[in-house]
C-alpha cells in the first residue's frame, strides 16, 4: 500500500470520479458518475467527505445536473439539483459557498447555449484554487514548528478531504519532509473512525511514522509529555474564530489548554463564514444513532437504546493558538472581517 498513488476525486470525460471513502482502507474503489443525485447521496453517506472536497464535488454535481437538458428545462433542473445538494450536510460552509457562487453565476449566464461548459469551468477554477490554498497552508504551517515535534491530529485532513493535498495533514506531510516530525499520533475519531481508517491510510502512504490512539487516550499521552503540537482541520469558522470541527476536537483544545500545548486549526479562508459572528450560529449536524450502535452493520450494543451522535462540536476561539490559512496564521483575538 505504501507509496501507491491515490486521489480523492477528479473530473474527466464528463464524469466525476471519486474514491468511496467508506470502503477504505481495505478497498480502493472508485466510482464514476454523471448523476447529481449519486453525488448528493455520496456526500450524505460520507463516501465523499471533508469540507473543501464536499464543496467542489457538489459544484460538479450541480453542473452535471443540466448536462443533457433541453435549454427550456435547464432552469428547473438546476434549481432542483441546487435544493437537493443544499440538503446533504448542514455544517461545512464550503458546500454552501460553492453552491451560492454557482447559483449567482447561473443567474447571469443561464440563457447562454454553453452554460454547462461555463459552469464546469467555474467549478474547475474553485478546484484549482483549493490546490493552491492547500500548498500555501502547508508552507505557512511550517512556521508553528519551533523544534522537531510529536504531533497529534484528529479526524482526516489530507487529500481525501480536499481538492489539493489537504490542510492539517498537508502541514504534517511537508513538516515531515523537512525533518520536523518525530511521530504523529492520530485519534481513531469515533464513531466512524476517520482517523484509523483514513488518516492512517494517508500517513502510511506518505511514509510518516505514526500511531493510532483511541480518542480517550489523548489526555494520558499529553500528561506523559509526548505531544508537542495539536493540529486539526475545520468545517466552519465564525468571524470571532469559534470553530466547528469533527466531534472530539473541543476535547483536544481543552486538554491542550490544561497541559499548555499549542492547539492549531488549519483551513482555507473559504471555511470562514463571514455571515456569523460566533460559534453559537453554527448549525451542528446530528447523524443516525446506528453509527454508534453498529459497526459495518454489526450491532455492538442493543439496537433499542438511544444514542447522542453530533458529527461536530464547537471549539471556542480563546482555546485556539492560531488558525493557519493560505493567507497566513491568524491568532487570538480573531477578526476575519475584511
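The values are calculated or read from the model by the stated rules, or taken from the named source; none is laboratory data. As the structure is a computational prediction, the values presented were derived from the model and not from experiment. We place every Cβ from the backbone using ideal geometry, glycine too, and count neighbours over all the protein chains shown.
One table, with the values for the structure above:
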item	result
Selection from the range 229-254 of residues that are in a loop (DSSP other than H, G, I, E, B), more than 14 Å from residue 317 (Cβ to Cβ) and out of contact with any helix residue (DSSP H, G or I) (no Cβ under 6 Å at 6 or more places or on another chain)	247
Flag if residue 37 is modelled with pLDDT of 95 or more and more than 16 Å from residue 163 (Cα to Cα)	yes
Enumeration of residues in the range 255-264 that are closer than 18 Å to residue 325 by Cβ, in contact (Cβ under 8 Å) with a residue 60 or more places away in the chain and not in a loop (DSSP other than H, G, I, E, B)	264
Which listed residue, of 278, 270, is surrounded by 13 or more Cβ atoms within 10 Å (Cβ to Cβ) and in contact (Cβ under 8 Å) with a residue 60 or more places away in the chain	270
Criterion: under 27 Å from the mean Cα position of the chain (by Cα), free of Cβ contacts under 8 Å to residues at least 60 places away in the same chain and buried (at least 24 other Cβ atoms within 10 Å of the Cβ) - qualifying residue of 64, 99, 128	64
Residue, nearest to the chain's Cα centre (by Cα), within the range 71-86, restricted to residues that are without any contact (Cβ under 8 Å) to a residue 24 or more places away in the chain and surrounded by fewer than 16 Cβ atoms within 10 Å (Cβ to Cβ)	83
Residues that are under 21 Å from residue 136 (Cα atoms), in contact with a helix residue (DSSP H, G or I) (Cβ under 8 Å, 6 or more places away or on another chain) and in a strand (DSSP E or B), drawn from the range 289-337	322, 324, 325, 328, 329
Test: residue in the range 296-308 that is in contact (Cβ under 8 Å) with a residue 40 or more places away in the chain and either out of contact with any strand residue (DSSP E or B) (no Cβ under 7 Å at 6 or more places or on another chain) or in the same structural domain as residue 216 (by TED's automatic domain parsing) (or both)	no
